[in-house]
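Just below is one structure, and these are the notes that go with it.
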Amino acid sequence: MDAFQKSLYTPKQKKLYDFICKFHKKNGYGPSYKQMSIAMGKPETSRAPIFKLLSQLHMKGYIYRQKGVPRSAFPMDLEQVMIKKYQNFKGIE
């Protein structure tokens, strides 16, 4: 796996990102931690793994979320994210 591929996302991050996309498209708002935990096959009370994945997706630019605002995670335009990541990786402006 090269550096560009590592900058994309892990299988767990992709699974959560896909869930957030589908949920947001269907409902118009982000899922709760409980809903994300269930979708990821984690215990409903286990928020730490979901928080970590959300933080990673946010840092990579795949989702936007407001700190302290419930259900604020929503997907960014993946095509634009990928173009920007590739340009940054290759040093293209």
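A few comments on the model shown:
- Percent carbon-and-sulfur accessible area, region 30-75, ignoring ligands, DNA and RNA, probe 1.4 Å: 59
- Environment charge of Lys42, counting only residues whose C-beta is closer than 14 Å and scoring Lys/Arg +1, Asp/Glu -1: +4
- 20 Å Cα-Cα threshold exceeded, pairs from Lys15/Lys67; Lys34/Lys60; Lys26/Lys67; Lys14/Lys34: Lys15/Lys67; Lys34/Lys60; Lys26/Lys67
- Inter-probe distance in nm under a simple model that places probes 7 Å from Cα toward Cβ, at Gln66 and Phe51: 2.0
The values are calculated or read from the model by the stated rules, or taken from the named source; none is laboratory data. This is a predicted model, so every value here is computed, not measured. Here the Cβ is made from the backbone with ideal geometry for all residues, glycine too, and neighbour counts use every protein chain on show. SASA here: full protein model, heavy atoms, side chains in, ligands and nucleic acids out. Shrake-Rupley method; radii C 1.70, N 1.55, O 1.52, S 1.80 Å.
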